[in-house]
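Nothing in this text is a laboratory measurement; each read-out follows from the coordinates by a stated rule. Source: prediction; values computed, not measured. Reconstructed Cβ throughout: ideal geometry from the backbone, glycine too, with neighbour counts over all protein chains shown.
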Amino acid sequence: MSFQDHFSKQAATYAKARPTYPPALFTELARLAPGRTLAWDAGTGNGQAAVALAAHFERVVATEPSAAQLAQAVPHPRVQYHQAAETAPLLGDASVDLVTVAQAAHWFDRPKFYDEVKRVLRPGGIVALWTYGLSVIAPGIDAVVDRFYRGPIGPYWPPERHHPETGYRELDFAFAEEPFPKAAMELDWALGEFTAYLRSWSAVARFAKANGSDPVATLEAELAPLWGDGARKISWPLSGRLGRVSA
């Protein structure tokens with residue numbers, strides 16, 4: 001199984017609408033890593049995690065199989081972007097302090113990827129995979145979003161979506177495991193910003209293509225009286241797997 005690309009067609013929307021990961025997560029991952037010389041961010045998308053890693057590492061190599069996603073990548077002097085899937089042939093053996101995969105490991109050919117991680121990580125090096133599922137806003141709003149998620153667009157989710165739903169607990173993992181840092185993404189968004197995020201979902205894009213209509217428009221009308229004016233605090237708890245190669 002090769003890397004599955006579900007986001008190229010909405011790459012621009014994805015880059016603008018996805019929430020950002022908390023800086024504290026990268027601070028903790030850097031603390032756990034054996035050094036601060038080199039990090040590899042695999043499945044980087046538009047480079048969100050890669051740029052955050054650059055605040056802690058001298059050099060970050062960010063790989064992504066989708067040319068459309070890379071076209072949206074944020075430039076940074078310490079980040080080098082390369083089009084690749086589960087491998088990083090430009091990285092030397094035992095040269096990397098930290099490998100990260102943000103919201104993408106469930107699309108990978110993981111045996112292939114894990115072999116590459118074992119090759120490039122230096123002794124004591126860290127690999128961190130993380131994901132997030134549905135947001136937490138308010139009970140009434142959350143119930144409406146959950147019905148939308150499981151109802152109209154439910155059939156358009158690929159099977160791999162099961163792994164974010166279960167917080168990667170059932171994801172195969174090939175490393176000596178350590179506790180994943182507690183973290184959550186938190187933002188204050190207006191309704192329009194939230195529905196722009198929903199339109200970045202792969203299942204929404206697949207529904208729209210199959211039916212010739214935007215399913216989020218109906219949902220937005222249902223949410224409007226519940227949302228009220230102004231912004232709402234939105235939280236996406238992160239969960240993941242953290243492993244270390246033997247020193």
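For the residues 117, 60, 145, a GNM of the chain with alpha-carbon springs under 10 Å puts the largest fluctuation on 145. Taking 7 Å steps out from each Cα toward its Cβ at residue 210 and residue 58 produces label points 5.0 nm apart. Length available on full extension from residue 172 to residue 115: 0.36 nm per residue minus the Cα-Cα distance, which gives 19.2 nm. Against the chain, whose longest principal axis is taken from its Cα atoms, helix 202-211 shows a tilt of about 40°.
The helix-based estimate of mean residue ellipticity at 222 nm for the chain, built from -39,500 (n - 2.57) per DSSP H run of four or more residues and divided by its residue count, is -9500 deg cm²/dmol to the nearest 500. Shape analysis of the chain yields a ratio of the Cα radius of gyration to the Kirkwood radius, Rg/Rh, of 0.97. The long axis of helix 215-227 is offset from the longest Cα principal axis of the chain by roughly 80 degrees. Ignoring the sites themselves, the chain has its longest run without trypsin sites (Lys or Arg not before Pro) in a DSSP loop having at most 16 other Cβ atoms within 10 Å at 79-168. The mean sequence separation of alpha-carbon pairs under 8 Å and at least six residues apart, normalised by the residue count of the stretch 67-124, gives a relative contact order of 43 percent. If the segment from residue 193 to residue 229 were pulled out straight at 0.36 nm per residue, it would be longer than the present Cα-Cα gap by 11.7 nm. By the gyration tensor of its Cα atoms, with a ≥ b ≥ c the square roots of the eigenvalues, what is the shape of the stretch 106-149: rounded for a/c under 1.5, prolate for a/b over b/c, or oblate? Oblate, since a/c reaches 1.5 and b/c is not below a/b.
The alpha carbon convex hull volume per residue for the stretch 19-68 rounds to 68 Å³.
If each Cα of the stretch 109-247 is one equal point scatterer, what is log10 of I(q)/I(0) from the Debye formula at q = 0.14, 0.15, 0.20 Å⁻¹? The computed values of log10 I(q)/I(0) come out as -0.77, -0.84, -1.17.
If you count Lys pairs in the chain whose Cα atoms are under 26 Å apart, skipping same-chain pairs closer than 8 places in sequence, the total is 7.
Taking only the alpha carbons of the stretch 154-200, we obtain Rg and Dmax values of 15.2, 43 Å in that order. As a size descriptor, the averaged projected area of the C-alpha convex hull of the stretch 54-173 was calculated at 9.5 nm².
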